[in-house]
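The values are calculated or read from the model by the stated rules, or taken from the named source; none is laboratory data. Here the structure is a predicted model, which means the values were calculated and not measured. When we count neighbours, we look across all protein chains shown, and the Cβ atoms used for this are built from the backbone with ideal geometry, even at glycine. Just the protein is used for accessible areas: all its heavy atoms, side chains included, with ligands, DNA and RNA removed. Shrake-Rupley method; radii C 1.70, N 1.55, O 1.52, S 1.80 Å.
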Amino acid sequence: MESLLTDIDHVAIAVRDIDAAIAWYADTLGARVVHREDVASDGIREALIKVGDSYIQLLTPTRDDSTVAVFLARRGEGLHHIAYRVANCAQALEAVKASGARVIDEVTRPGSRDTTIAFVHPTSSFGTLIELVEESTSTLSTRQ
Ligand code: CO
């Protein structure tokens, strides 16, 4: 089978204080934020730090019932999920479902940066939450 994954899109890290985390990456590693976005539907705020053609995504909750708020309460700060780029998110999701893996999103949905995304459940993927990310033409412009 040919790989569905074309690149690492981002590695997401859950933090309590996103401004402190942004400052730490800048002061300690010289890494700069290239994009910030609030995703109201998920109750999260993100800051993307460019690393090559991929990102570190700093993630913090904007409300108490956000899944990231629940994650921070249960597990503390740290690695939250890894996101792989795919050419076609709907096709990749169907392939994952057909393989018998458990998914969080039965259908694709809009992500930040005009992406199309779907999450695979960590119980199927050896404890790591996986996100599938399909870029659009407008998404690419944030990476150039
Ligand atoms: Co993500």
Output for region 3-17, where each listed residue is under 15 Å from the mean Cα position of the chain (by Cα) and not in a strand (DSSP E or B) = VAL15
Consider only pairs whose beta carbons are under 8 Å apart and that are at least six residues apart or on different chains; among these, list those whose first residue lies in region 29-53 and is closer than 18 Å to HIS80 by Cα and outside any strand (DSSP E or B) and whose second residue is open to solvent by 50 Å² or more (accessible area, probe 1.4 Å) and among the acidic types (Asp, Glu).
-> GLY43/ASP65
Of these, THR142, THR116, which one is at pLDDT 95 or above and of a type outside the set (A, V, I, L, M, F, W, C)?
-> THR116
Hey, any hits in region 70-82 for a residue that's aliphatic (A, V, I, L, M), touching a Ser or Thr at 6+ places or on another chain (Cβ under 9 Å) and either surrounded by 15 or more Cβ atoms within 10 Å (Cβ to Cβ) or free of Cβ contacts under 8 Å to residues at least 60 places away in the same chain (or both)?
-> yes
Which of the residues belonging to region 108-144 are among the polar types (S, T, N, Q), open to solvent by 60 Å² or more (accessible area, probe 1.4 Å) and assigned to a loop (DSSP other than H, G, I, E, B)?
-> THR123, SER141, GLN144
With respect to ARG85, determine if the residue is within 25 Å of THR137 (Cβ to Cβ), within 15 Å of the ligand (Cβ to nearest atom), open to solvent by 70 Å² or more (accessible area, probe 1.4 Å) and not in a loop (DSSP other than H, G, I, E, B).
-> no
What number of residues within region 52-69 are closer than 19 Å to ALA20 by Cα and open to solvent by less than 60 Å² (accessible area, probe 1.4 Å)?
-> 9
Tell me, please, whether a residue that is within 12 Å of the ligand (Cβ to nearest atom), β-branched (Val, Ile, Thr) and touching a residue at least 12 places away in the same chain (Cβ under 8 Å) can be found in region 126-144.
-> yes
If you check ASP105, ASP65, which single one turns out to be within 15 Å of the ligand (Cβ to nearest atom) and either outside any strand (DSSP E or B) or closer than 19 Å to SER138 by Cα (or both)?
-> ASP105
